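This report refers to the structure that appears directly beneath it.
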Amino acid sequence: MSALIEAEGLTRTFEVSAGMFKTKRLLHAVNGVDLVVERGDVLGIVGESGCGKSTLARMLLGLVPPTHGTVRIDGIALERMDRRERARRVQPVFQDPYSSLNPRRTIQSIVEFPLVVHGIGTTAQRRDRAIEMLARVGLPERLAGHSAGQLSGGQRQRVAIARALVMNPEVVVCDEPTSALDVSVQAQILNLLMDLKREFNLTYVFISHNLAVVEHIATQVAVMYLGRIVEFNDAPSLFAAPRHPYTRALLASVLTPEPGLGIPDMGLGLSFPDPTRPPSGCGFHPRCSQRMQVCDNRVPGLSACDGAAGKVACHLYTEIPATQP
Ligand SMILES: Nc1ncnc2c1ncn2[C@@H]1O[C@H](COP(=O)(O)OP(=O)(O)OP(=O)(O)O)[C@@H](O)[C@H]1O
Ligand SMILES: [Mg+2]
């Protein structure tokens with residue numbers, strides 16, 4: 001195995017207005033994220049609504065330029081790739097197949113579109129490739145001339161997956177790919193994604209609110225809080241022995257598959273902080289049951305501890321000099 005995706009110091013800020021006549025504030029949607037994803041891995045990214053998962057995903061896709069930092073795929077920085085090369089390496093599957101597909105276009109033209117944009121193949125070759133991809137995602141050829149508006153949510157997500165795979169990418173970034181679908185369809189789409197991963201040797205970045213799903217399919221997990229990764233580990237270790245108090249609270253909570261609802265009932269008392277006014281020190285300290293004095297004013301780095309697998313960003317696991325306030 002070798003590193004396929006590397007992110008270094010990845011940061012994205014937005015200027016947001018705090019109201020009329022008020023000065024704009026800087027929001028760190030993603031704040032200094034380092035990541036390494038090995039070829040063949042499924043990296044699960046979890047964390048409450050607004051913690052920066054989609055912004056991170058969009059930077060990995062080259063759809064949002066980072067304010068600082070770099071993403072490299074196979075050793076090549078995304079900003080040094082042209083659009084075609086980027087599309088050949090990394091493709092998205094988004095949450096909502098209703099808004100991500102034009103309902104008036106035919107399914108065949110949607111799946112062919114990346115080939116048309118990048119000038120790949122003849123008309124006949126593109127058609128054959130689109131039909132082949134539709135078959136691979138479980139859609140019969142007779143649906144090729146239907147418009148996306150005629151399909152069910154699950155069928156639309158199959159079309160979105162076929163479109164993502166038509167360029168034969170190495171990486172697929174899935175941002176909540178099943179959370180807009182009926183529960184009965186979610187498992188089918190997840191199984192399809194895992195079958196396709198094996199068939200095409202894909203590497204996935206997989207964002208989900210649903211920890212049970214992440215536990216089932218991820219090989220590695222990154223837990224995000226306020227734009228930072230606070231814990232990273234292989235999935236079995238993370239679920240068996242979560243270390244960060246935030247990860248522990250997440251695992252103890254009953255998660256909602258509904259996007260945008262956050263994570264209820266975490267026993268954390270306070271709600272997710274205003275990201276334009278993040279707490280000092282460790283961003284989690286106001287909600288943390290194991291808060292120490294150092295947490296108020298020092299940001300913990302993400303580091304390995306105890307010689308165990310994984311990394312955690314928490315002062316409980318760092319050696320703090322006795323004189324530290
Ligand atoms: N274009 C933008 N302009 C201003 N703020 C933004 C923009 N995009 C994202 N944000 C802010 O950045 C933060 C992270 O947003 P992001 O969408 O990445 O979170 P998320 O973890 O994907 O949330 P969810 O689970 O709800 O999808 C949020 O506070 C959000 O309001
Ligand atoms: Mg999101």
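Counting only protein chain heavy atoms and rolling a 1.4 Å probe, the accessible areas of HIS28, HIS285 rank, largest first, as HIS28, HIS285.
Between MET194 and SER152, the contour length at 0.36 nm per residue exceeds the alpha carbon distance by 13.0 nm. Over all Cα atoms in segment 130-206, the spread is summed up by Rg and Dmax: 11.9, 32 Å. Solvent-accessible surface of segment 3-317, taken per residue with a 1.4 Å probe and all protein chains present: 44 Å². Of all stretches in the chain that contain no trypsin sites (Lys or Arg not before Pro) in a DSSP loop with at most 11 other Cβ atoms within 10 Å, the longest one is 105-325.
Taking segment 191-231 and a reference point 7 angstrom along Cα→Cβ of ARG39, the backbone N atoms nearer than 13 Å belong to 201-203. Calculated FRET efficiency, ARG83 to GLN290, Cβ-Cβ distance, R0 = 51 Å: about 0.60 to the nearest 0.05. With all protein chains in place and a 1.4 Å probe, the accessible surface of the chain carries 50 percent carbon and sulfur. Note on THR276 and VAL116: the model spin-label points, each 7 Å out from Cα along the C-beta direction, lie 4.1 nm apart. Within the same chain, aspartates and glutamates fewer than 8 places from LYS53 are excluded, and of the rest, those with a Cα less than 13 Å from its Cα are ASP175, GLU176. Taking the charge dipole of the chain about its Cα centre, with +1 at Lys and Arg Cβ atoms and -1 at Asp and Glu Cβ atoms, the residue from THR122, VAL185, LEU78 reaching farthest to the positive side is THR122.
Taking label positions 7 Å along the Cα-Cβ direction at both ALA135 and PHE14, the computed distance is 4.3 nm, reported to one decimal. Tally the DSSP beta bridges in the chain and give the antiparallel ones as a percent, rounded to 5. Taking every DSSP beta bridge with both residues in the chain, the antiparallel ones total about 60 percent.
Distance between the 7 Å Cα→Cβ label points at SER184 and HIS68: 5.1 nm. Pull out a ≥ b ≥ c, the square roots of the eigenvalues of the alpha-carbon gyration tensor of segment 1-122, then state rounded if a/c is under 1.5, prolate if not and a/b is larger than b/c, and oblate in the remaining case. Oblate shape, in that a/c is at least 1.5 and b/c is the bigger or equal ratio.
Between ARG105 and ARG248, the FRET efficiency from the beta-carbon distance, with R0 = 56 Å, is close to 0.75. Taking a straight line from the alpha carbon of LYS24, these aspartates and glutamates sit under 13 Å away, with near neighbours fewer than eight places off in the same chain left out: GLU15.
Using the Cβ-Cβ distance between ASN297 and LYS22 with R0 = 25 Å, the FRET efficiency computed as 1/(1 + (r/R0)^6) comes to roughly 0.40. The heavy atoms of VAL137 present about 0 square angstrom of accessible area, all protein chains included, probe 1.4 Å. With N set to the number of residues, divide the alpha-carbon radius of gyration of segment 3-317 by 2.2 N^0.38 Å and report two decimals. Taking the Cα Rg and dividing by 2.2 N^0.38 Å, one obtains 1.04. Taking a Cβ cut-off of under 13 Å around ARG86, the surrounding Lys, Arg, Asp and Glu residues balance to a net charge of +2, with basic ones at +1 and acidic ones at -1.
A probe of 1.4 angstrom, applied to the heavy atoms of all protein chains, finds HIS68 with accessible area near 110 square angstrom.
The values are calculated or read from the model by the stated rules, or taken from the named source; none is laboratory data. A quick note: this is a predicted structure, and the numbers were derived from the prediction, not measured. Note that each Cβ is placed from the backbone with ideal geometry, even for glycine, and that neighbours are counted across all protein chains shown. Calculation scope for accessible area: heavy atoms of the full protein, side chains included, ligands and nucleic acids excluded. Shrake-Rupley method; radii C 1.70, N 1.55, O 1.52, S 1.80 Å.
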